[in-house]
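Visitor: Please read through the structure below; I'll follow up with questions.
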Amino acid sequence: MSRHMGRVAELPCCLCGAMPVEVHHVTEGKTFGKRDKLHFCTIPVCPSCHRGPQGIHGDKTMLRIKKKSELELLSETLEAIYG
């Protein structure tokens with residue numbers, strides 16, 4: 001795991017604030033099945049917000065509730081780490 005991803009993993013879930021988190025590679029704007037090979041485009045999400053039925057890999061309800069896109073969450077993550 002890269003040093004950056006380790007820092008992302010130390011943050012609370014960017015959607016609900018829970019811990020622990022999984023590191024999610026941002027897929028917004030990518031071709032289906034493709035993801036950035038660079039670990040810089042990652043956000044912290046708890047297992048429920050990541051893989052749950054309403055999570056990022058589910059029906060994305062949590063994104064709609066928070067009125068955020070993955071790219072906005074990426075921006076917030078980078079700000080939290082590098083300020």
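Here, each number is a calculation from the coordinates, and none is a lab measurement. Being a predicted model, the structure only gives us computed values, none of them experimental. All Cβ positions, glycine included, derive from the backbone under ideal geometry; neighbour counts span all protein chains shown.
Visitor: For the chain, what does -39500 (n - 2.57) per DSSP helix run (n ≥ 4), summed and divided by total residues, give at 222 nm, in deg cm²/dmol to the nearest 500? Could the numbers behind the result be given before it?
Guide: Details: 4 runs with 31 residues, N = 83.
Computed ellipticity for the chain at 222 nm equals -10000 deg cm²/dmol.
Visitor: Scan around Thr42 for amide H atoms under 5 Å from its own, H built in the peptide plane at 1.01 Å from N, and keep only partners 5 or more places away or cross-chain.
Guide: Hits under the 5 Å cutoff: Val26.
Visitor: Would you mind getting me the FRET efficiency between Glu10 and His57? Use the beta-carbon distance for r and R0 = 30 Å, nearest 0.05.
Guide: Values: r = 22 Å, r/R0 = 0.73.
The calculated FRET efficiency here is 0.85.
Visitor: Could you point to the label whose value was computed as Kirkwood radius over Cα pairs in Å for the structure here, given (i) 13.2; (ii) 12.6; (iii) 18.3?
Guide: Correct label, based on the coordinates given: (ii).
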